[in-house]
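The values are calculated or read from the model by the stated rules, or taken from the named source; none is laboratory data. It should be emphasised that the depicted structure is a prediction, and the values quoted were computed from it without experimental measurement. With ideal geometry, Cβ positions are generated from the backbone for all residues, glycine too; neighbour counts draw on all protein chains shown.
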Amino acid sequence: MKFFESTCWTYLVALLLFSIKLPYAVGDKNIENDIGNSIKIVDEPSRILLSQGLENFTLNLFKETVNAAGSRLNLVLSPFSIWALLVLLWEGSKGKTNEQLMNVLGLPSDRRLTIAGYRAIDEALQVNTSTVSVEFVKAIFFDINRPLKRDFESTAEHLYQCPTISINFHKPVEATRVINDWVKLNTHGKIPDLLLEEDLRDAQLVLANAVYFQGQWSLPFDRDLTTRESFYDEDGKTIGEVDMMSSQGPYAFVADQELDANVIEIPYGKENRLSMIVMLPRHGNKNSIDVILEKLPQRNFSRLINDLAQSKSEYFGDDVDLRLPRFNVTSDFVMNVVLETMGLTDVFNENAADLSPISPHKIYLSRVIHKAVIVVDEEGTIATAASGAALANKSRPPKFHANRPFIYIIHDKKSNTIVFAGKVFNPN
C-alpha cells in the first residue's frame, strides 16, 4: 500500500479597483492617527470581538455568492480576503460610506479594537511549519501621478502592515504587468494572469491581497484505495463518475440537526490548527445545499466547531469511513452585486462614495475582483473541518460518503477564521 503525504494547495487573490472622477479640492483633514506606533494590541479580546463580526460577514457573503453564482456551479472563495481589503477601505472612508462598511463588515465602533483585532488575525494567519503553510500578503498600488494622502499611506503601512507601491496607470500594459507579477509571485505562480489591460481603465488605485495555503493531511489517503464511483445531484440522478478517495480514521463527526447535514472535520498537519469542514446534506433533501447556506449564519459556527471537538473526545478510538472525491475548482468573480445585496452601496456610487481620506481626488470603488483556485487529491489535497450538534451512533463506525453536492470550509482554530469556503456540485 502506498501512502502519500498529501499536500493541499489553495490560492486566492482579491482586488479592489478604484475609478477616478473629475478631481476636486478637498480639505486636508487627517484621519485619526493618535494610536500610531504606540498602539497596544491586546490580542485575545480584540481578536474575539472582531472574529465574531468576521464570522457573520463570512457566512453571509458565502451564502449570497452561491445564490448569485447559481446552484449548479462549483465554487471557491475566501471571504476573509475580501473582508481584509474592505477593512482598509473602511479606514479611508467617511460619513455614510464609513457607516455602511462598518455595519457590513461587523466592525466594532472602537477603531483601536478594529486595528488590534485585524493585526492579531493577520499575524495568526502567518503559518510556516513542516506540514502546513499559510501566507497572507497585501499591497496598495497607486498612480504615481496621483499620490495617496500621506496620513492614509502611513496608516496602511504602519498600522495594517500593507505596503504601498506607485505605478503609472497611464501606461496600462506596464501597470497590468506589475500587478499580475505581484499576484503571480505571491500565489507561487498558480494565478499568473489576473488582470487584463481593460480592467485598469480609469483606475487610480488598486487594493490587492493574496492568500496561499499548502498543507498535508494529518491522516494520509491511500491512493490504491481510490476508485471510480458515481456522483449524484441533489435529486439523486447520476451526474457521472468521479475519483473517490477513501480513508478510515478517528475523524470528528456529527449529525447536525439544525443544518440537517452530516459534518466531518478533516485535519491538516501535526499542529491541529487548520482543518477542512465538509457539510454533506442528508439523503432525500432536495435543494438541501440552499437550506444549509440559509441556516449556516444562524447556526453559530464556533459552537459547531465545539460540537465537533466534543464528538471526537467522546468517541475517541472510533473510526469514520470517509470517502471524498478529488476536485479542482477555479472561481473568478466580480463581487459588486453580492456586496451591494449585503448593504454596501454608496462606495460603488461615484456621487455618494466618500473616500476623501485616501485621495485628494474624488474616487469610488469600481470593481471588486476575486479569483481562487483549489486542488484536492491524494498528492494535492485540501482538508477542512466539519461541525455538528448530534453525536454519531457508537454501535458501528459512521459513514461519510461525499457522493453528492457538499459544502466545504477551511478553518483556522487559532484565529477562529474561515480562510476559504466553497461548494462542489460536480467534482468533474
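Within segment 98-107, is there a residue that is without any contact (Cβ under 8 Å) to a residue 40 or more places away in the chain and either in a helix (DSSP H, G or I) or of a type in the set (F, W, Y) (or both)?
yes
From the list R177, R146, exactly one residue is assigned to a loop (DSSP other than H, G, I, E, B) and more than 21 Å from the chain's Cα centre (by Cα). Which is it?
After applying the criteria, what remains is R146.
Give the number of residues within segment 66-86 that are under 21 Å from N103 (Cα atoms) and either touching a residue at least 60 places away in the same chain (Cβ under 8 Å) or touching a Cys at 6+ places or on another chain (Cβ under 9 Å) (or both).
Total satisfying the criteria: 8.
For F406, indicate whether it is at pLDDT 90 or above and within 24 Å of the chain's Cα centre (by Cα).
Yes; evaluated as a whole, the condition is true for this residue.
For segment 398-428, how many residues meet the condition of being part of a strand (DSSP E or B), over 20 Å from N67 (Cβ atoms) and hydrophobic (A, V, I, L, M, F, W, C)?
The qualifying residues number 3.
Are any residues in segment 223-240 modelled with pLDDT of 95 or more and either assigned to a loop (DSSP other than H, G, I, E, B) or of a type in the set (D, E) (or both), and if so, which ones?
Once the filter is applied, which keeps residues that are modelled with pLDDT of 95 or more and either assigned to a loop (DSSP other than H, G, I, E, B) or of a type in the set (D, E) (or both), segment 223-240 yields only E229.
Name the pairs: first residue in segment 212-233 and under 16 Å from M244 (Cβ atoms) and surrounded by fewer than 17 Cβ atoms within 10 Å (Cβ to Cβ), second residue among the acidic types (D, E) and modelled with pLDDT of 85 or more, Cβ to Cβ under 7 Å, at least 6 apart or on different chains?
As it stands, the answer is R228/E241; R228/D243; E229/E241; S230/E241, since those pairs meet every condition given.
Within segment 179-205, take every residue that is among the hydrophobic types (A, V, I, L, M, F, W, C) and exposed (fewer than 15 other Cβ atoms within 10 Å of the Cβ) and give me the one that is nearest to K94 (Cα to Cα).
If we take residues in segment 179-205 being among the hydrophobic types (A, V, I, L, M, F, W, C) and exposed (fewer than 15 other Cβ atoms within 10 Å of the Cβ), then L196 is nearest to K94 (Cα to Cα).
Check V338 against each of (1) modelled with pLDDT under 90; (2) touching a helix residue (DSSP H, G or I) at 6+ places or on another chain (Cβ under 7 Å) and name the one condition it does not meet.
Failed condition: (1).
For segment 336-347, state whether one or more residues are touching a residue at least 24 places away in the same chain (Cβ under 8 Å), under 26 Å from R367 (Cα atoms) and touching a Lys or Arg at 6+ places or on another chain (Cβ under 9 Å).
yes
Just to be sure, is S71 in a loop (DSSP other than H, G, I, E, B), modelled with pLDDT of 90 or more and not acidic (D, E)?
Here the answer is no, as S71 does not meet what is asked.
Scanning segment 312-370 for residues that are polar (S, T, N, Q) and under 26 Å from the mean Cα position of the chain (by Cα), which turns out surrounded by the fewest Cβ atoms within 10 Å (Cβ to Cβ)?
By that ranking, first place goes to N349.
Filter segment 246-257 for residues that are buried (at least 24 other Cβ atoms within 10 Å of the Cβ) and in a strand (DSSP E or B) and give the result.
A252, F253, V254
Go through (1) under 19 Å from P163 (Cα atoms); (2) at pLDDT 95 or above; (3) among the polar types (S, T, N, Q) and name the single condition S81 misses.
Every condition holds for S81 apart from (2).
Pick from segment 237-294 the residues that are over 23 Å from the mean Cα position of the chain (by Cα) and small (G, A, S): which of them is nearest to N60 (Cα to Cα)?
Ranking the qualifying residues of segment 237-294, first place goes to A255.
Of the residues in segment 99-133, how many are out of contact with any helix residue (DSSP H, G or I) (no Cβ under 9 Å at 6 or more places or on another chain) and buried (at least 16 other Cβ atoms within 10 Å of the Cβ)?
The total comes to 4.
Return the residues of segment 149-174 that are of a type outside the set (V, I, T) and assigned to a strand (DSSP E or B); say none if nothing qualifies.
S166 - this is the single residue of segment 149-174 that is of a type outside the set (V, I, T) and assigned to a strand (DSSP E or B).
Listed here are the residues, each with its yes/no results for (1) modelled with pLDDT of 50 or more; (2) under 30 Å from P220 (Cβ atoms).
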position: I358; (1), (2): yes, no
position: K362; (1), (2): yes, no
position: S366; (1), (2): yes, no
position: V375; (1), (2): yes, yes
position: G380; (1), (2): no, yes
position: T384; (1), (2): no, yes
position: A389; (1), (2): no, yes
position: A392; (1), (2): no, yes
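Please give the number of the condition W90 fails out of (1) aromatic (F, W, Y); (2) under 30 Å from I239 (Cβ atoms); (3) over 18 Å from the mean Cα position of the chain (by Cα).
(2)
Would you call T176 β-branched (V, I, T), buried (at least 18 other Cβ atoms within 10 Å of the Cβ) and free of Cβ contacts under 8 Å to residues at least 60 places away in the same chain?
yes
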